[in-house]
């Protein structure tokens with residue numbers, strides 16, 4: 001099992017990537033970094049080349065990207081533009097490939113949120129149709145898209161791991177799978193049995209935070225983490241876990257969180 005951090009959650013720099021924390025992440029012993037694709041798409045070619053070089057010499061790889069589609073894109077509703085969305089996806093995934101990324105997280109809540117008054121099922125079908133075409137792009141670049149279910153406060157479409165698996169099944173693409181985020185799963189009060197039932201076939205990535213405050217975990221005693229840990233063990237999950245959480249003190253929180261991960265997720 002490998003452990004990383006989503007640095008955009010603690011970003012302080014103007015570009016919003018969190019790359020300024022990369023060397024600290026490496027010094028604490030994390031295995032990889034997860035960087036935000038939408039924010040990296042805002043970088044000029046020279047800025048992206050500098051970021052890529054910084055990753056290359058850091059000692060870890062950017063194995064995963066989150067934040068696939070920017071908030072300004074519309075994936076559902078009457079203003080959804082399949083051609084524009086696919087053009088962006090192709091350019092973004094090519095940039096991800098240049099970084100050596102294996103997985104790109106498709107949460108993109110604002111972009112895929114179904115507008116008021118628009119049929120929910122029609123919005124769902126728009127996303128499914130988009131992912132079928134994105135699957136072909138991802139296949140050619142050897143990248144896998146992982147659908148991220150989000151709590152209802154962030155998006156009204158695909159809120160549970162079970163719903164994410166249904167979408168992946170409907171897309172039926174080798175390069176479209178699912179992510180589980182402990183924070184969102186807890187907020188939605190979704191039973192871990194859904195993870196046990198569908199996880200072996202669809203689960204490819206995990207996000208983790210302490211639900212109370214969505215912060216870096218510190219101790220097994222602070223929350224009831226064990227059912228989630230047991231569910232991952234039940235399906236023999238041995239992939240990546242990214243800490244996607246907030247902290248006011250990365251230097252204090254990150255090493256303790258890594259020790260927590262290594263102790264609890266064996």
Taking residue 155 as the residue in question, decide whether it is in contact with a helix residue (DSSP H, G or I) (Cβ under 6 Å, 6 or more places away or on another chain) and part of a helix (DSSP H, G or I). no
Search the stretch 170-184 for residues being within 16 Å of the chain's Cα centre (by Cα) and assigned to a helix (DSSP H, G or I), and hand back the single one that is surrounded by the fewest Cβ atoms within 10 Å (Cβ to Cβ). 183
In the stretch 1-25, the residues that are closer than 19 Å to residue 263 by Cα and out of contact with any helix residue (DSSP H, G or I) (no Cβ under 9 Å at 6 or more places or on another chain): 2
If you check residue 129 against the conditions, is it more than 16 Å from the chain's Cα centre (by Cα) and without any contact (Cβ under 8 Å) to a residue 12 or more places away in the chain? no
Considering only the stretch 185-266, give the helices (runs of 4 or more DSSP H) lying wholly within it that have at least 2 residues that are in contact (Cβ under 8 Å) with a residue 60 or more places away in the chain and either surrounded by 17 or more Cβ atoms within 10 Å (Cβ to Cβ) or over 20 Å from the mean Cα position of the chain (by Cα) (or both). 250-264
Can you spot a residue in the stretch 162-169 that is over 16 Å from the mean Cα position of the chain (by Cα), more than 26 Å from residue 31 (Cα to Cα), touching a residue at least 24 places away in the same chain (Cβ under 8 Å) and part of a loop (DSSP other than H, G, I, E, B)? no
Pairs, please: C-beta under 8 Å, at least 6 apart or cross-chain, first residue modelled with pLDDT under 95 and in the stretch 67-92, second surrounded by 15 or more Cβ atoms within 10 Å (Cβ to Cβ) and part of a loop (DSSP other than H, G, I, E, B)? none
Surrounded by fewer than 17 Cβ atoms within 10 Å (Cβ to Cβ) and touching a strand residue (DSSP E or B) at 6+ places or on another chain (Cβ under 9 Å): is that true of residue 100 in this structure? yes
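The values are calculated or read from the model by the stated rules, or taken from the named source; none is laboratory data. Quick caveat, the model's predicted, so the values are computed rather than measured. Neighbour counts run over all protein chains shown; Cβ positions are idealised from the backbone, glycine included.
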